[in-house]
1. Below 20 Å, Cα to Cα, which aspartates and glutamates can LYS69 reach? Residues fewer than 8 away in the same chain don't count.
2. Can you work out the Karplus-derived ³J(HN,Hα) for every residue in the range 21-31? Use 6.51 cos²θ - 1.76 cosθ + 1.60 with θ = phi - 60°, whole Hz, and x for glycine or proline.
3. If the elastic network links every pair of Cα atoms under 10 Å, which of ARG85, ARG123, ARG99 fluctuates the most in the Gaussian network model of the chain?
4. So for the pair VAL61, THR19, with labels modelled 7 Å out along Cα→Cβ, what separation do we get in nm?
5. Out of [x] 29, 16, 15; [y] 23, 18, 16; [z] 26, 20, 16, which label holds the value of semi-axes √(5λ) of the Cα gyration tensor in Å that was computed here?
6. Between GLU95 and ASP108, how many nm apart are label points set 7 Å from Cα along the C-beta direction?
7. Work out the FRET efficiency for ASP45 and LYS75 from their Cβ-Cβ distance, taking R0 = 45 Å, and round it to the nearest 0.05.
8. Comparing SER39, SER117, SER65, which has the greatest mean-square fluctuation in the GNM of the chain with Cα pairs linked when under 10 Å apart?
Amino acid sequence: MGDNALMEHDAFEVLVHTTSEGPLAGLGHDLTLRVGEVSVHISEDGGVVRATMAADSLVLVSKASARDKRDIEKKTRREVLRADRHPEIVFESTEIEIRDDTLRLVGDLTLCGHTRSVRLQGRRRGARWTAQGAIRQPDFGIRPYKAFMGGLRVSPEVSIVVSGPADA
């Protein structure tokens, strides 16, 4: 069984959504980051999906000043994801279930040197699948960002939204 390598970066999109919490949450930002470098390999029979993402390719797509954007991207890459030590984020499916226009995808996500099972639920919308799920940062050895002695912090739970072509 060979693999079809789908390398178009625009064909697949991975978004990460964070939310602020704590008494000073109003001072923070709920963020959306996009993974800039994604390669997806789908087995010929469609039974296995493997996605490899560059940890240093996350870019902020939420509104922010140019300075804030640079600072957030830098902290995310260096302090949160530790991209210098863990340059790749890898997802490999263990279960794929498609029924009509719904999708259930279960697999192993390796992030910051830790591998955990994740579940994504999705729907087909026209020519694209969109699936979402959540991970807890501490499960991957990540300490959620905090400031002002913890009065402002990023929620440990992070939402992930993945979309890709339905004919892949």
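What follows is calculated from the coordinates using simple rules that are stated; it is not laboratory data. Note that this is a predicted model, so its numbers are computed, not measured. Using ideal geometry, Cβ is built from the backbone for each residue, glycine included, and neighbour counts are taken over all protein chains shown.
1. Here the aspartates and glutamates satisfying the reach criterion relative to LYS69 are GLU13, GLU21, ASP30, GLU37, ASP56, GLU79, ASP84.
2. Values per residue, Gly and Pro as x: 8, x, x, 9, 4, x, 7, x, 10, 7, 10 Hz.
3. Among ARG85, ARG123, ARG99, the largest mean-square fluctuation in the Gaussian network model of the chain belongs to ARG99.
4. 1.9
5. Step by step, semi-axes √(5λ) of the Cα gyration tensor in Å for this structure corresponds to label [x].
6. With each label point 7 Å from Cα toward Cβ, the separation is 1.6 nm.
7. Values: r = 41 Å, r/R0 = 0.92.
With a Förster radius of 45 Å, E is 0.65.
8. In the Gaussian network model the winner is SER65.
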